[in-house]
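The values are calculated or read from the model by the stated rules, or taken from the named source; none is laboratory data. Since we're looking at a predicted model, the values are computed, not measured. Note that each Cβ is placed from the backbone with ideal geometry, even for glycine, and that neighbours are counted across all protein chains shown.
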Amino acid sequence: MPLSLFSSALSRQFAQMGSRIVERHRRCEGWWAPHLKNTADFISQHLPSGARVAVLGAGRLLDIDAASLISRNDEVHLFDADGSCLRAWRSGLGSDLRRRIVPRIEDVTCCLSDWQALVRDCKSVASLERQLAALRAPLPAWASEEFDAIVSLNLLGQIPLYWRDVVRARLAGLSEPQEEALAASMGELQRAHLEGLARSTADRVIVVTDSEYYFYEASTVEWRVEAALFGSARTLLQSPGVEGRAVIGKDTWLWHLAPQFIEHNDEGEIHKVEAIAWGR
Ligand SMILES: C[S@@+](CC[C@H](N)C(=O)[O-])C[C@H]1O[C@@H](n2cnc3c(N)ncnc32)[C@H](O)[C@@H]1O
């Protein structure tokens, strides 16, 4: 969905989250470095050259070797809902490389604006709960474009968090059934994303995503574990082969996203990251 159709509240939310990513990266640069390098290396190893490539969740290109990717390919579409990424996409690249970039400030789910309107216009909490449980995400428009390769770049785990924040802002203190309905709708967004990748024409599909969140306190040995994948997303991600593609590479690592005492004094946060490449 192009930016013009995007609600201004949602655009602001993406821009705020984007600037938080930049600030956090500045504070935690050394802690993030292994994750950023692992992601960039995995993509370099599994992406062919000379192709028309889509990078979903390109953000500020922190986790991809952008110059190498763009110089090896004919056309690189950079997708992100945060309009402030445009500056990062233009800076640091010579005009020859810039010409090969197609900037796409879009919501990759193609439905967040509609879903947000539904929450805004809902008459009662009970009807909202029913509607959440019944929501079905569409096949994203990018899935029907002719890309040779698509990279979903540390995005899948993030997609439902923006939506979750919209719902929680409207419904403070969710009941258990409401939380379940919300989780189902979060899973819908992830299912549609993975289905879009599977049903695309791309010969090569790469997904790098958080799959679990670990919260720790340095003074105890207990961890709290939260899921980053909802509904059928976990099973779909583990799929051995889709539409004639087979798994050609897999890796997993930890991303120390928010070290205790640097981000927050009460706890730290580590993400489990999974990377999978499918190819024909
Ligand atoms: C964790 S960041 C990924 C890191 C990013 N590659 C970078 O280097 O900054 C997730 C990115 O996905 C984008 N994003 C999240 N949900 C999105 C959506 N529905 N549509 C488009 N972009 C989205 C965010 O704006 C953010 O830039």
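Of the numbered criteria (1) within 11 Å of the ligand (Cβ to nearest atom); (2) closer than 30 Å to residue 244 by Cα; (3) surrounded by fewer than 23 Cβ atoms within 10 Å (Cβ to Cβ), the one residue 153 fails is (3). Cβ-Cβ contacts under 8 Å between residues 6 or more apart (or on different chains), taken from a first residue in region 77-100 that is closer than 9 Å to residue 59 by Cα to a second residue that is more than 13 Å from the ligand (Cβ to nearest atom), are listed as 78/101; 78/102; 89/101. Scanning region 84-100 for residues that are within 15 Å of the ligand (Cβ to nearest atom) and touching a helix residue (DSSP H, G or I) at 6+ places or on another chain (Cβ under 6 Å) returns a single hit, 84.
The listed residues are 42, 79, and the only one of them that is of a type in the set (Phe, Trp, Tyr), within 19 Å of residue 209 (Cα to Cα) and near the ligand (Cβ under 10 Å from one of its atoms) turns out to be 79. Taking the criterion of being within 15 Å of the ligand (Cβ to nearest atom) and not hydrophobic (A, V, I, L, M, F, W, C), the only residue of region 166-186 that qualifies is 185. Out of all the residues in region 99-116, is one or more under 26 Å from residue 233 (Cα atoms), surrounded by fewer than 19 Cβ atoms within 10 Å (Cβ to Cβ) and at pLDDT below 90? Checked region 99-116: no residue is under 26 Å from residue 233 (Cα atoms), surrounded by fewer than 19 Cβ atoms within 10 Å (Cβ to Cβ) and at pLDDT below 90. Please work out which residue is surrounded by the most Cβ atoms within 10 Å (Cβ to Cβ), limiting yourself to region 181-236 and to residues that are among the polar types (S, T, N, Q) and within 22 Å of residue 48 (Cα to Cα). So the residue we want is 209.
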